[in-house]
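Asker: Structure below; questions to follow.
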Amino acid sequence: EAGVTQFPSHSVIEKGQTVTLRCDPISGHDNLYWYRRVMGKEIKFLLHFVKESKQDESGMPNNRFLAERTGGTYSTLKVQPAELEDSGVYFCASRPRITGELFFGEGSRLTVL
Amino acid sequence: DQQVKQNSPSLSVQEGRISILNCDYTNSMFDYFLWYKKYPAEGPTFLISISSIKDKNEDGRFTVFLNKSAKHLSLHIVPSQPGDSAVYFCAASTGSNYKLTFGKGTLLTVNP
């Protein structure tokens, strides 16, 4: 069974540009989460989808971040325009509907210059 | 305001000995606690969890202890193996909604 896959693995962009990160959860997992780890800090919750609906987006830093989950399958996280402080590793995770532990992807490293 | 704290950035132990990783939390609403293990360039991998109704949970070489009055939990690895060398994250949530609050992690090095 394929795990959680994230693309790209590393993105380097200039300040002010736009980047879109993609996450493909494990097939059949209704719950999808985005987390972020900024250098030297702890991993922080960004938001939680249940199928295509945003269950909780209280961790989104500001309105430069937009997350979508088309048809309840894959999800994208867009940063527009990117700022220096957005640099970090963005993790996607998924879990089954009722119970079960969180499975994380390998992360997408974002470097904003 | 860090609600989950791992005060030891690193820990080094000899193969075969016990590794003890510690975690403190401040939010009394947390009732579900987890440990994740992370290798470089990989995502965190679930290791073991414990609900606040218990004070101990064991899975093979891994045991998690929870002391609610002290708001403290610890992960014991016995015996430690070189393959256990990784960063260990403590995490907590209110209920099992997986809106996790993580600590900064402890780098465990197990020396052969």
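Quick note: the coordinates plus some simple rules give every number you see, no bench work behind them. Every value quoted in this text rests on a predicted model; they were computed, and no experiment measured them. Because the Cβ atoms are built from the backbone with ideal geometry, glycine has one as well, and the counts that use them run over all protein chains shown.
Asker: Which percent of Cα pairs goes in each bin when the distances of the protein assembly as shown are cut into 5 angstrom slices starting at zero?
Answerer: Computed distribution, short to long bins: 1, 7, 14, 18, 18, 17, 12, 7, 3, 1, 0.
Asker: Given +1 on the Cβ of Lys and Arg, -1 on the Cβ of Asp and Glu, and no further charges, what dipole in debye does the protein assembly as shown carry about its Cα centre, rounded to the nearest 20? Mind showing how you got there, number by number?
Answerer: Details: 25 positive and 23 negative charges, 48 e Å.
Taking the Cα centre of the protein assembly as shown as origin, the dipole is about 240 debye.
Asker: Taking every DSSP beta bridge with both residues inside the protein assembly as shown, roughly what % is antiparallel (nearest 5)? Don't skip to the answer; put the middle values down first.
Answerer: On the way: 71 of 80 bridges.
DSSP beta bridges in the protein assembly as shown are roughly 90 percent antiparallel.
Asker: Shifting gears a bit: Under the classification rounded if a/c is under 1.5, otherwise prolate if a/b is larger than b/c and oblate if not, where does region A:30-106 fall, given a ≥ b ≥ c as square roots of the Cα gyration tensor eigenvalues? Intermediate results must be reported in sequence, preceding the final value.
Answerer: On the way: a/c = 2.19, a/b = 1.43, b/c = 1.53.
The shape class here is oblate.
Asker: Something else: What lysines sit close enough to B:LYS56 to cross-link, taking a C-alpha to C-alpha distance under 29 Å and skipping anything fewer than 8 places away on the same chain?
Answerer: A:LYS41, A:LYS44, B:LYS5, B:LYS37, B:LYS38, B:LYS68, B:LYS71, B:LYS99, B:LYS104
Asker: Using a 10 Å cut-off on Cβ to Cβ distances, tally the other chain neighbours for every residue of A:53-60 and report the average as a whole number. The partial results should precede the final answer.
Answerer: On the way: counts 0, 0, 2, 3, 0, 1, 1, 0.
Mean partner-chain Cβ count within 10 Å for A:53-60: 1.
Asker: Arrange the peptides B:74-84, B:30-40 so that the one whose residues have, on average, the most other Cβ atoms within 10 Å appears first. Each step should come with its number before you reach the end.
Answerer: Details: B:74-84: 16.2, B:30-40: 19.3.
Going from most to least packed, we get B:30-40, B:74-84.
Asker: Considering only B:GLY103, A:SER87, B:SER49, whose Cα is most displaced toward the positive end of the charge dipole of the protein assembly as shown, charges sitting on Cβ of Lys, Arg (+1) and Asp, Glu (-1)?
Answerer: Ranked along the dipole, the leading option is B:GLY103.
Asker: Related question: Quick one: Karplus J couplings for region B:67-80, per residue in order, coefficients 6.51, -1.76, 1.60, θ = phi - 60°, nearest Hz, x for Gly and Pro?
Answerer: Once θ is set to phi - 60°, the couplings for region B:67-80 become 10, 5, 5, 8, 6, 9, 9, 9, 10, 10, 10, 9, x, 6 Hz.
Asker: Rounded to the nearest 5, what % of DSSP beta bridges with both residues in region B:4-111 are antiparallel? Provide the component values of the computation, followed by the final result.
Answerer: Working: 36 of 41 bridges.
Roughly 90 percent of the beta bridges in region B:4-111 run antiparallel, per DSSP.
Asker: Need one value for A:37-45: mean number of C-beta atoms belonging to other chains within 10 Å of its residues' C-beta atoms.
Answerer: On the way: counts 6, 0, 0, 1, 3, 13, 12, 3, 7.
Mean number of neighbouring Cβ atoms from other chains: 5.
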